[in-house]
C-alpha cells in the first residue's frame, strides 16, 4: 500500500511516486513522510490549512467579504450619525461650524471638528471610527458634507414640517432681499399662517439666491420654492414687502404679478419699513435729531478705526458706570449698561 499526499502537487516526488511500502513512512526521525510534513510553516501544513478553510463555509471569500462589508457599513453609519448630530447641535445653538485653521496640528480646529473630538472622548465606539481612525475617503467632515447635511437633510425636514403645518390652509408671504458679503442677491421668504389651533404662526422658510431683483425673477423663484413643498399659489392671501418699485409697483411690481394669479393676495407695505422711512425723514427735517445721529456716527467710526480706542473707551465708561451705580443714579438689570450699546446705535443708523 502506497501512501500519497493529495494536497501537494509535487514535494519530493511524493505525489507522483508515494512510498513503496507503508512501513517506510514510520521509520523514525529520518523518514520521508515526517520530512514532508515538516514544521508548522511547511508547505504541507499550509495546504492542510487551506483545505480546512475550503471545507469551512464561513471562510469562503464571499462570506468574508460580506462580513467585512457589513462592518464597513456600520462604521460609516456611526461616522455619519456623529457628523449629523454635530451639525444639528451647532445649527440649533447658532454656532459657527468652521475654524480659522482646521489643520491637524492646530490646537483649535473649529466647532465642528472639536465637537466630534468631544464625542470621541466620551464614546469609545465613536473614537474608533472618526477623524484619524476614519478612511481618507469617508471621514464625513469636509465643508461640502457639512453643507449637505445642513441643507439636504435638516433644512429639508424643517421645511417639510412647515408645509405639513400649512397643508391646504391659506397663507401669507413676507419677502425681502439684500446683498450678502459677496455682493450676491439673497431673497428671504417667511410664511405666515393660522394653525389648526387658531394661532397665527410665522415661519422663516428659505433664503434663495437670485440673479437680479426684477419682479418677474423674484416671482419665479418664490413659485418654485412653494411648488417644491406642495404649497399652492392659489392659497395665497397676503403679501408683505418693502416699498421699492419692483415690489409694490401697481402694474409690474411683484405684488401685481401675484394678484393677477390670485386676486385675494392683498399687498401690505411692511410696517417696519414704513416706520424706518418715517424716522429717517423726520431725523433729516429736525436739526437737533439730525445733528445727534451725525455726531453719533462720527464717534462710532472714530472709535472703531483703531484697536486701542475701544479698550480706552471701555475702561473710561466702566469706571463711570460703576460710580453711577454706586450712587444709585443707574439701575442694574439684564442687558443694562452694555458696553456695545454705542456700536449697536451706530449700526442701526
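The values are calculated or read from the model by the stated rules, or taken from the named source; none is laboratory data. If you're wondering where the values come from, they're calculated on a predicted model, not measured in any experiment. Every residue, glycine as well, gets a Cβ built from its backbone with ideal geometry; the counts of neighbours run over all protein chains shown.
Quick notes on this structure:
- The stretch 81-114, residues that are more than 18 Å from residue 148 (Cα to Cα) and part of a helix (DSSP H, G or I): 93, 114
- Any hit, the stretch 124-141, residues being in contact (Cβ under 8 Å) with a residue 60 or more places away in the chain, farther than 30 Å from residue 247 by Cα and assigned to a helix (DSSP H, G or I): no
- On inspection, residue 172 passes the criterion of being modelled with pLDDT of 85 or more and surrounded by 11 or more Cβ atoms within 10 Å (Cβ to Cβ).
- Counting only residues that are under 24 Å from residue 95 (Cα atoms) and surrounded by fewer than 19 Cβ atoms within 10 Å (Cβ to Cβ), the stretch 120-131 holds 5 of them.
- Note on the stretch 237-255: residues that are touching a strand residue (DSSP E or B) at 6+ places or on another chain (Cβ under 7 Å) and either modelled with pLDDT of 85 or more or surrounded by 15 or more Cβ atoms within 10 Å (Cβ to Cβ) (or both) amount to 10.
- Those helices (runs of 4 or more DSSP H) lying entirely in the stretch 242-310 with at least 3 residues closer than 20 Å to residue 187 by Cα and in contact with a helix residue (DSSP H, G or I) (Cβ under 9 Å, 6 or more places away or on another chain): 245-248, 254-261
- Filter result for residue 207 (closer than 19 Å to residue 240 by Cβ, within 20 Å of the chain's Cα centre (by Cα) and surrounded by 10 or more Cβ atoms within 10 Å (Cβ to Cβ)): yes
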